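Report on the following structure.
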Amino acid sequence: MSTIGDRLDTVRTRIHEAALRHGRDPATITLLAVSKTQPAEALREVMACGQRAFGENYVQELADKADALADLRPEWHFIGPLQSNKTRLIAGLAHWVHSIERDKIARRLSEQRPGEAVDLQVCLQVNLDAEASKSGLAPEALPALAEVVAGLPRLRLRGLMAIPAPSEDFATQRRAFARLREMQEDLIRRGHQLDTLSMGMSGDLEAAIAEGATIVRVGTAIFGSRRVAGRGGQGL
Ligand SMILES: *Cc1c(COP(=O)(O)O)cnc(C)c1O
């Protein structure tokens, strides 16, 4: 049976090889280990192999793990849907939020970010496929939200995030990620200084890297299948 360490190595190799295949420097791609539903001990095991950044989808679960792993100081990325009554915990604990889709949430995070903390790094989440069930804002709404978020103190707008409709076909995967890259390029032309494309998961990270991903969010390929049924969150 393969261990978490073996699977982490396999994922690192996939990232490395995809980067080289597409003419990119592997060092420009960050692996975010998506640890939702996994127990704190599993994160400890992954940290012992040198992994520092973890993605969580549920606020209380992130808070519990931040507590359990306080001695190791992981870097926390919040990647799930965020309700306004939960922003304070995230503003206090997270280093990154990838799932900004409303100005109200961004304003609250900005107001609630503790004064002594470094700026909260944020990405706007785009709904690429106009699926009603999916999180993220419509591409047309991006420029206006980027303008608001870029102007908020204590937040630093870094780029875009998306979860395209699942596909087994590499060319189809690539087309979706290329659209996100083009939206990012459009925002850069409008004067935003963006350096982050958060895209690619266990099943499609190669296509995402081909199109310029700088953060890939990988769960099952590292941890194996998730431990408990989802609580209505996306991507479960
Ligand atoms: C669960 C999740 C992932 C990881 O998905 P895997 O297919 O397990 O790699 C990535 N991003 C988001 C937003 C998720 O919810």
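Can you tell which of P39, P81 is within 14 Å of the ligand (Cβ to nearest atom) and either in contact (Cβ under 8 Å) with a residue 60 or more places away in the chain or over 17 Å from V216 (Cβ atoms) (or both)?
P81
Listed residues R14, R24; which is surrounded by 16 or more Cβ atoms within 10 Å (Cβ to Cβ) and farther than 16 Å from R217 by Cα?
Going through R14, R24 in turn, just one is surrounded by 16 or more Cβ atoms within 10 Å (Cβ to Cβ) and farther than 16 Å from R217 by Cα: R24.
Determine the pairs where a residue that is modelled with pLDDT of 95 or more, located within segment 181-208, has a partner that is among the β-branched types (V, I, T) and surrounded by fewer than 16 Cβ atoms within 10 Å (Cβ to Cβ) with Cβ atoms under 6 Å apart, the partner being 6 or more residues away or on another chain.
So the pair list comes out as L194/I188; S202/T220.
So, restricting to helices (runs of 4 or more DSSP H) that lie completely within segment 55-153, which ones have at least 1 residues that are open to solvent by 50 Å² or more (accessible area, probe 1.4 Å) and among the acidic types (D, E)?
Where helices (runs of 4 or more DSSP H) fall fully within segment 55-153 and carry at least 1 residues being open to solvent by 50 Å² or more (accessible area, probe 1.4 Å) and among the acidic types (D, E), they are 59-68, 103-112, 142-150.
Return the pairs, sorted by first residue and then second, in which the second residue is open to solvent by less than 50 Å² (accessible area, probe 1.4 Å) and not in a helix (DSSP H, G or I), the first residue lies in segment 43-62 and is within 14 Å of the ligand (Cβ to nearest atom) and β-branched (V, I, T), the beta carbons are less than 7 Å apart, and the residues are 6+ apart or on different chains.
Every condition considered, the pairs that remain are V46/A33.
Counting only residues that are assigned to a helix (DSSP H, G or I) and of a type in the set (V, I, T), how many does segment 182-206 have?
Looking only at that region, the number is 1.
The values are calculated or read from the model by the stated rules, or taken from the named source; none is laboratory data. Source: prediction; values computed, not measured. No Cβ is skipped: glycine too gets one built from the backbone with ideal geometry, and neighbour counts run over all protein chains shown. Ligands, DNA and RNA are stripped out before the accessible areas are found, and what is left, the full protein with its side chains, is counted by its heavy atoms. Shrake-Rupley method; radii C 1.70, N 1.55, O 1.52, S 1.80 Å.
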